[in-house]
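Data first, discussion second: the structure below is written as structure tokens.
The values are calculated or read from the model by the stated rules, or taken from the named source; none is laboratory data. Fair warning: this is a prediction, and the values are worked out from it, not measured in the lab. Cβ: placed from backbone, ideal geometry, glycine included. Neighbour counts: every protein chain shown.
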Amino acid sequence: MLTVDFARLRLAPGTRVLDIGCGNGRHAFEALRHGAEVVATDLDETALAEVVTMAEAMRLEGEVPPGGSLRTVRADARRLPFDDAEFDVVIAAEVLEHIHEDVTALAELVRVLRPGGLIAVTVPRWWPERVCWALSREYHEVAGGHVRIYRRRQLAERLRRSGLVLAPPHHHAHALHSPYWWLRCALGMSREQAVAARLYHRFLVYDLMRRPRWTRSLERVLNPMLGKSVVLYARRPGPAAAGTSA
């Protein structure tokens with residue numbers, strides 16, 4: 001389930017990609033399928049171990065083009081253990097809403113991005129997220145939970161103040177997921193097995209695994225209105241390095 005539009009990233013073999021806060025690795029794996037040199041970071045060591053296992057399985061199945069590689073690093077977005085301008089592309093998907101010092105994290109992401117490089121940032125969209133917060137304190141008042149709700153203009157301004165130049169257009173994603181989280185929040189986050197939530201979850205799994213044309217078309221139509229995530233792209237000013245395609 002990708003949030004970032006990889007057509008916008010224009011990855012090629014050898015493109016250096018940082019997936020910050022990679023979680024289960026969904027964006028890191030897609031970059032690996034493009035032959036990129038991927039570094040996936042997270043604070044969860046268990047998640048990182050699972051990402052390594054999956055990447056190796058992909059390689060054994062022939063899903064990784066020549067030159068593609070993936071390594072994991074346990075790292076805090078506010079203090080990244082990487083050199084200046086080390087990456088061509090940075091992906092920060094559903095990360096900043098978890099970090100109190102988001103301005104500090106953005107400064108680090110810009111530091112490790114090369115001049116001319118592209119960053120993709122996704123966060124929960126304001127109004128679907130606001131509904132979740134209104135329905136359930138349990139949704140966000142948990143360890144490691146969401147600490148703020150961004151408006152798109154607010155996020156765009158923080159990207160600009162970090163020295164980035166926006167690369168429009170922005171877009172929204174995962175409209176079919178908004179009702180599921182509203183159900184979870186309304187019924188109680190601990191009641192995942194409630195009938196309505198369970199049935200809707202089955203539908204989401206069906207959509208993820210089968211990807212039928214009708215659900216893809218429906219989500220494209222609904223994303224501008226119901227999309228749970230907003231995705232912004234920006235570049236670090238400066239000339240692109242010779243021989244890169246990002």
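Below is a table of values for the structure above.
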| read-out | value |
| --- | --- |
| Hits in the stretch 100-134 (condition: closer than 19 Å to residue 28 by Cβ and touching a helix residue (DSSP H, G or I) at 6+ places or on another chain (Cβ under 8 Å)) | 105, 118, 119, 120, 121, 123 |
| Pairs with Cβ under 8 Å, 6+ apart, first in the stretch 10-39 and hydroxyl-bearing (Ser, Thr, Tyr), second part of a strand (DSSP E or B) | 15/37; 15/88; 15/89 |
| Any hit, the stretch 144-159, residues being touching a helix residue (DSSP H, G or I) at 6+ places or on another chain (Cβ under 9 Å), farther than 21 Å from residue 101 by Cα and in a loop (DSSP other than H, G, I, E, B) | no |
| Hits in the stretch 188-229 - residues which are of a type in the set (A, V, I, L, M, F, W, C) and touching an Asp or Glu at 6+ places or on another chain (Cβ under 6 Å) | 189 |
| Residue within the stretch 167-182 that is among the aromatic types (Phe, Trp, Tyr), part of a loop (DSSP other than H, G, I, E, B) and in contact with a Cys (Cβ under 8 Å, 6 or more places away or on another chain) present | no |
| Enumeration of residues in the stretch 188-235 that are part of a loop (DSSP other than H, G, I, E, B) and in contact with a helix residue (DSSP H, G or I) (Cβ under 6 Å, 6 or more places away or on another chain) | 194, 227, 228 |
| Among the residues listed as 161, 191, 236, 198, the single one being more than 24 Å from residue 6 (Cβ to Cβ) and at pLDDT 95 or above | 161 |
| Residue count for the stretch 184-207, restricted to those that are surrounded by 14 or more Cβ atoms within 10 Å (Cβ to Cβ), under 18 Å from residue 142 (Cβ atoms) and free of Cβ contacts under 8 Å to residues at least 24 places away in the same chain | 3 |
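Results for (1) part of a helix (DSSP H, G or I); (2) surrounded by fewer than 18 Cβ atoms within 10 Å (Cβ to Cβ); (3) at negative phi, shown as yes or no for each residue.
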position: 50; (1), (2), (3): yes, yes, yes
position: 67; (1), (2), (3): no, yes, no
position: 71; (1), (2), (3): no, yes, yes
position: 83; (1), (2), (3): no, yes, yes
position: 91; (1), (2), (3): no, no, yes
position: 107; (1), (2), (3): yes, yes, yes
